[in-house]
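> The structure under discussion is supplied below as structure tokens; questions concerning it will follow.
Readers should treat all values here as calculations from the given coordinates under stated rules, not as data from a laboratory. On a predicted model such as this, the values are computed, not experimentally measured, just so you know. Every residue, glycine among them, receives a Cβ derived from its backbone with ideal geometry; neighbour counts consider all protein chains shown.
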Amino acid sequence: MNIGFDFRPEKFASATAYLAERKPEVTKKELCKLLYFADKRHLLRYGRTITGDKYFALEQGPIPSNELDALNGKGKAENINAVKQYGQLRGWTFKLEHPADLRALSKSDLIVLDEILAEMGAVLRIGTLSV
């Protein structure tokens, strides 16, 4: 049995912008990990993920396939354009240009994103979080 969700580019892009607003100079790797933990917690608590992305286990941790492609400017144009409306990568850092559209995120999405940032935001920066 395979359980899957539909990737929601507008939710991914808004969640990315939301995290970048609250964690300036957030890196691509940090975004991938924060979104993974947020999606996981939201799934366990509410029965659905925030972004709907599919994750792959790699050596440095879980990688969201559509999200990472969009951040790197690859994949579907719809996904790339969704994230570009808020900002873009400059090197490894996501540079926010416009605030998140909170209408794209539910109250439960925002609660979980805030929890994950509070618990793991500082830990990710110093690289002590293992997945």
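> Report yes if residue 19 is touching a Gly at 6+ places or on another chain (Cβ under 6 Å) and either surrounded by fewer than 16 Cβ atoms within 10 Å (Cβ to Cβ) or farther than 16 Å from residue 5 by Cβ (or both), otherwise no. Please lay out each step first, then the result.
Working: touching a Gly at 6+ places or on another chain (Cβ under 6 Å): no; either surrounded by fewer than 16 Cβ atoms within 10 Å (Cβ to Cβ) or farther than 16 Å from residue 5 by Cβ (or both): yes.
It is false that residue 19 is touching a Gly at 6+ places or on another chain (Cβ under 6 Å) and either surrounded by fewer than 16 Cβ atoms within 10 Å (Cβ to Cβ) or farther than 16 Å from residue 5 by Cβ (or both).
> When residues of the range 70-107 are filtered for being buried (at least 18 other Cβ atoms within 10 Å of the Cβ), touching a Lys or Arg at 6+ places or on another chain (Cβ under 6 Å) and closer than 18 Å to residue 24 by Cβ, how many remain? Full working, then the answer.
Step one: list which residues in the range 70-107 are buried (at least 18 other Cβ atoms within 10 Å of the Cβ), which gives 70-71, 79-80, 82-83, 86-87, 94, 96, 100, 104-105.
When the remaining residues are screened for being touching a Lys or Arg at 6+ places or on another chain (Cβ under 6 Å), the result is 71, 87, 104.
Narrowing further to those that are closer than 18 Å to residue 24 by Cβ: 71, 87.
Number of matching residues: 2.
> Within the range 37-61, count every residue that is closer than 20 Å to residue 75 by Cβ and crowded, with 22+ Cβ neighbours inside 10 Å.
The qualifying residues number 5.
> Scan the range 23-52 and report the pairs whose first residue is under 12 Å from residue 112 (Cβ atoms) and whose second residue is of a type in the set (Gly, Ala, Ser), with Cβ atoms within less than 6 Å and a gap of 6+ or a chain change.
Filtered contacts from the range 23-52: 46/108; 50/15; 50/38.
> OK, next. Quick one: residue 61 ticks every box in (1) touching a strand residue (DSSP E or B) at 6+ places or on another chain (Cβ under 6 Å); (2) farther than 26 Å from residue 98 by Cα except a single one, so which number is it?
All conditions are met except number (1).
> Can you give me the ranges of the helices (runs of 4 or more DSSP H) entirely in the range 13-131 with at least 2 residues that are among the acidic types (Asp, Glu) and within 14 Å of the chain's Cα centre (by Cα)? Let's see the steps before the verdict.
Details: elements: 28-46, 65-71, 77-84, 107-126.
In the range 13-131, the matching helices (runs of 4 or more DSSP H) lie at 28-46, 65-71, 107-126.
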